[in-house]
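Notes follow the structure.
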Amino acid sequence: MYPYRQNPKPPKRVFIAAVVFVFICTVSVADSLGLVPHYVDGSTPFDSAQDKPLTVNGSDSAPADSVGLSQLPQLSDMYQAVAASPATPQGFLPERIKSSVIGLDVAIQNPTTRDLAGLDAAILKGPARYVDSAKLGVPGNMLIFAHSSTYQVLRNQMFKVFNNISKLKPGDSISIEGGGLEYLYSVTSVRSVEASETVIDLSATQGTKLTLTTCDILTGKSARFIVEAEFVGIVTPR
């Protein structure tokens, strides 16, 4: 009688290889049937025929079909210095006002106060720009005000510096110097108004303008002359 012999078990490596082979075959079949939405490594399937990522059943997880450039990182550092600079122009303070038509040529004051006492003190030295009005080189309305007087003899000539602005006519020129340039304006209107009934619009929505104002003494204590002018252009001072 022959002794019983037990069949030897297959090596472990052969068993593992068989399992891996069966797994790969299963995944391949499932992928060919569209049952595998993503690759095993987590990436999105790619359609080489259409040269774009595949979508999965139109779900929210599908990749977008476009991207805005603003959503991408900065691709160059050449613009960083420009981006860091102020986007809004600051303008220049006015330094001098001229009009050959009425013999006007005088320095402009730039007080930073809105206090009436402070403004009164400023115009003792000459015409003054109102602090909230526009500067040179930026849109808006620049408001300049000064004294006028009926007295012929005055120790301080600034009390009558705007005596003749009421004689300006539409089309006459006024220039304002500042920042090394001369800004030209053309008069559009001259009128007398009641101070209590008049508001000067200083907003940039009105364009680039210049407004001069002074007392209309012969009409009344609360009357004011207003001269309005539109910006024309810039020249280099002589």
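Give the range 151-164 a look and list any residue that's modelled with pLDDT of 95 or more and over 18 Å from Lys125 (Cβ atoms), or say none.
Within the range 151-164, just Asn164 meets the criteria.
Which of the residues belonging to the range 135-185 are closer than 16 Å to Val101 by Cβ, polar (S, T, N, Q) and surrounded by fewer than 16 Cβ atoms within 10 Å (Cβ to Cβ)?
Those that are closer than 16 Å to Val101 by Cβ, polar (S, T, N, Q) and surrounded by fewer than 16 Cβ atoms within 10 Å (Cβ to Cβ): Asn164, Ser173.
What strands (runs of 3 or more DSSP E) completely inside the range 112-226 contain at least 3 residues that are in contact with a Gly (Cβ under 7 Å, 6 or more places away or on another chain)?
Strands (runs of 3 or more DSSP E) meeting the threshold: 181-194.
Looking at the range 96-109 only, could you name the residues that are within 30 Å of the chain's Cα centre (by Cα) and either surrounded by fewer than 16 Cβ atoms within 10 Å (Cβ to Cβ) or not in a loop (DSSP other than H, G, I, E, B) (or both)?
Arg96, Ile97, Gln109 - these are the residues of the range 96-109 that are within 30 Å of the chain's Cα centre (by Cα) and either surrounded by fewer than 16 Cβ atoms within 10 Å (Cβ to Cβ) or not in a loop (DSSP other than H, G, I, E, B) (or both).
For residues in the range 194-224 being over 34 Å from the mean Cα position of the chain (by Cα) and not small (Gly, Ala, Ser), which is farthest from Lys169 (Cα to Cα)?
Lys221
The values are calculated or read from the model by the stated rules, or taken from the named source; none is laboratory data. Every value quoted in this text rests on a predicted model; they were computed, and no experiment measured them. In this analysis, Cβ positions are derived from the backbone assuming ideal geometry, glycine residues included, and neighbour counts consider all displayed protein chains.
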